[in-house]
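Trainee: Structure below; questions to follow.
The values are calculated or read from the model by the stated rules, or taken from the named source; none is laboratory data. Just so it is clear, the structure is predicted and the values come from calculations on it, not from any experiment. Don't worry about glycine lacking a Cβ; one is built from the backbone with ideal geometry, like all the others, and counts go over all protein chains shown. Just the protein is used for accessible areas: all its heavy atoms, side chains included, with ligands, DNA and RNA removed. Shrake-Rupley method; radii C 1.70, N 1.55, O 1.52, S 1.80 Å.
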Amino acid sequence: METEDADVLGEVSAAIGEASGEFLSAQTIQDMLLVLTSMAASLVPAAIGAGLTLVDGNGEYLTTASTVPLVAEADDLQYGFDDGPCLAAWSTGVLVRIDDLESDDRWSQWSELALPLGIRAVLSVPLPAELGAAEPSRRASRPSGTLKVYANRTFAFDSRTEAVLTQLAEHAARMLASLRATQGPLKVPLNLHAALARSRTVALAQGMLMERDGTDAAEALRSLVESARAHDWSVFEEANAIASGRR
């Protein structure tokens, strides 16, 4: 086991070393995190996409970096339900792994809508809180976010994958802590404001559907997703059309 851990650490360290030039040339926090999520996707062959969610000082969820649109789409569904594997990893500080989305009933509402996206397995690792708390005022016991990968086949992840993602999550937390130490409280750049606006647009459209149809949040989100699929749009595009009065 120790040999395997050492192998994983060496593999991740080598990948970080190879990407050092990309980290140094990154212009924003999001650029740095995009490099890191790209590393996650490349180090986990079964992954069809990787992403990183941060939580700001107001408790807003932001998918700050994702390698493919599917990741942001799956995450938006979790934010809409305020529940899901990645949010559970964040709230508990414990790694979450789903081997078969169809048979796992822990987050059945989210799974029902994530399955048509082609997602069959999930692995989400919390960023260590003591290394990367999003704001100094946040409780030290609460992680600042999660690093996750999605797969389109069941049983895609194992203990080695868990170790790889855990090492990358620790590196992400160190980067955020280092930025905070040199720059003070992390300011949200324009591209993260855009991510927050996206999240709020989905929430606004969800609320409008709840009021219009007299349904709860879960049913409104299902309606939003079904309408998006009918129009061959993303959930955000459909939400934007509803919120702007075009739908």
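Trainee: Taking the criterion of being part of a loop (DSSP other than H, G, I, E, B) and aliphatic (A, V, I, L, M), would at least one residue in region 85-97 satisfy it? Write out each step before concluding.
Mentor: If we filter region 85-97 for residues that are part of a loop (DSSP other than H, G, I, E, B), which is where we start, we get 93-95.
Of the ones still in play, those that are also aliphatic (A, V, I, L, M) are 94-95.
Yes, there is a match, as at least one residue in region 85-97 is part of a loop (DSSP other than H, G, I, E, B) and aliphatic (A, V, I, L, M).
Trainee: Another question about this same structure. When region 87-109 is examined, which residues are found to be at pLDDT below 95 and in contact with a helix residue (DSSP H, G or I) (Cβ under 7 Å, 6 or more places away or on another chain)?
Mentor: If the condition is that a residue be at pLDDT below 95 and in contact with a helix residue (DSSP H, G or I) (Cβ under 7 Å, 6 or more places away or on another chain), then Leu87, Gly93, Gln109 are the ones that fit.
Trainee: I need every pair where a residue in region 146-174 that is within 16 Å of Thr37 (Cβ to Cβ) has its Cβ under 9 Å from the Cβ of a residue that is of a type in the set (Phe, Trp, Tyr) and at pLDDT below 95, sequence separation at least 6 or different chains.
Mentor: These pairs meet every condition: Thr146/Trp90.
Trainee: Against the conditions (1) modelled with pLDDT under 95; (2) open to solvent by 40 Å² or more (accessible area, probe 1.4 Å); (3) closer than 22 Å to Ala169 by Cα, where does Ala74 fall short? Just the number, please.
Mentor: (2)
Trainee: Still on this structure: Quick one: in region 137-157, which of the residues that are over 21 Å from Ile16 (Cβ atoms) and at pLDDT 85 or above is surrounded by the most Cβ atoms within 10 Å (Cβ to Cβ)? I'd like the intermediate steps shown before the answer.
Mentor: To start, the set of residues in region 137-157 that are over 21 Å from Ile16 (Cβ atoms) comprises 137-142, 150-156.
Now restrict to residues that are at pLDDT 85 or above: 150-156.
Values: Tyr150: 33, Ala151: 24, Asn152: 15, Arg153: 11, Thr154: 15, Phe155: 11, Ala156: 23.
The selected residue is Tyr150.
Trainee: Here is a further query. Restricting attention to region 205-220, which residues are of a type outside the set (Asp, Glu), surrounded by fewer than 19 Cβ atoms within 10 Å (Cβ to Cβ) and modelled with pLDDT under 80?
Mentor: Within region 205-220, the subset of a type outside the set (Asp, Glu) is 205-210, 212, 214-215, 217-218, 220.
Subset that is surrounded by fewer than 19 Cβ atoms within 10 Å (Cβ to Cβ): 207-208, 210, 212, 214-215, 217-218.
Ala217, Ala218, listed by residue number.
Trainee: Considering region 101-124 alone, what residues qualify as being touching a Pro at 6+ places or on another chain (Cβ under 8 Å) and either in contact (Cβ under 8 Å) with a residue 40 or more places away in the chain or not in a helix (DSSP H, G or I) (or both)? Even if it seems obvious, please write down each step before you answer.
Mentor: Going residue by residue through region 101-124, those that are touching a Pro at 6+ places or on another chain (Cβ under 8 Å) are 106-107, 110, 122, 124.
Residues satisfying the conditions are Arg106, Trp107, Val122, Ser124.
Condition check ((1) touching a Gly at 6+ places or on another chain (Cβ under 6 Å); (2) under 20 Å from Asp75 (Cβ atoms); (3) not hydroxyl-bearing (Ser, Thr, Tyr)) across all residues:
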position	(1), (2), (3)
Leu209	no, yes, yes
Gly214	no, no, yes
Ala220	no, yes, yes
Val225	no, yes, yes
His231	no, no, yes
Ser234	no, yes, no
Glu237	no, yes, yes
Ile242	no, yes, yes
Arg246	no, no, yes
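Trainee: Continuing with the same structure: Of (1) surrounded by 17 or more Cβ atoms within 10 Å (Cβ to Cβ); (2) in contact (Cβ under 8 Å) with a residue 40 or more places away in the chain; (3) touching a strand residue (DSSP E or B) at 6+ places or on another chain (Cβ under 9 Å), Gly80 satisfies all except one. Which?
Mentor: All conditions pass for Gly80, except number (3).
Trainee: Evaluate the following for Leu168: is it within 18 Å of the chain's Cα centre (by Cα), within 19 Å of Leu127 (Cβ to Cβ), in a helix (DSSP H, G or I) and modelled with pLDDT of 75 or more?
Mentor: yes
Trainee: Considering only region 211-240, how many residues are over 24 Å from the mean Cα position of the chain (by Cα) and closer than 22 Å to Val71 by Cα? Explain how you work it out, then say what you get.
Mentor: Taking region 211-240 as the starting set, the residues that turn out to be over 24 Å from the mean Cα position of the chain (by Cα) are 211-216, 230-231.
Next cut, closer than 22 Å to Val71 by Cα only: 230-231.
Of the residues in region 211-240, 2 are over 24 Å from the mean Cα position of the chain (by Cα) and closer than 22 Å to Val71 by Cα.
Residue by residue, here is whether (1) over 20 Å from Asp158 (Cα atoms); (2) open to solvent by less than 30 Å² (accessible area, probe 1.4 Å); (3) modelled with pLDDT under 70 holds:
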| site | (1), (2), (3) |
| --- | --- |
| Leu24 | yes, no, yes |
| Thr28 | yes, no, yes |
| Thr37 | no, yes, no |
| Ala47 | no, yes, no |
| Leu54 | yes, yes, no |
| Thr63 | yes, yes, no |
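Trainee: Here is a check on your reading of the model: is Arg160 touching a helix residue (DSSP H, G or I) at 6+ places or on another chain (Cβ under 9 Å) and either over 24 Å from Leu101 (Cα atoms) or at pLDDT 95 or above (or both)?
Mentor: Numbers: touching a helix residue (DSSP H, G or I) at 6+ places or on another chain (Cβ under 9 Å): yes; either over 24 Å from Leu101 (Cα atoms) or at pLDDT 95 or above (or both): no.
When the stated conditions are applied, Arg160 does not pass them.
Trainee: Considering region 221-236 alone, what residues qualify as being surrounded by 15 or more Cβ atoms within 10 Å (Cβ to Cβ), free of Cβ contacts under 8 Å to residues at least 24 places away in the same chain and among the small types (Gly, Ala, Ser)?
Mentor: Ser223, Ser227, Ala228
Trainee: For the condition within 11 Å of the chain's Cα centre (by Cα) and outside any helix (DSSP H, G or I), what is the one hit in Thr63, Thr37?
Mentor: Numbers: Thr37 fails: outside any helix (DSSP H, G or I).
Among Thr63, Thr37, only Thr63 is within 11 Å of the chain's Cα centre (by Cα) and outside any helix (DSSP H, G or I).
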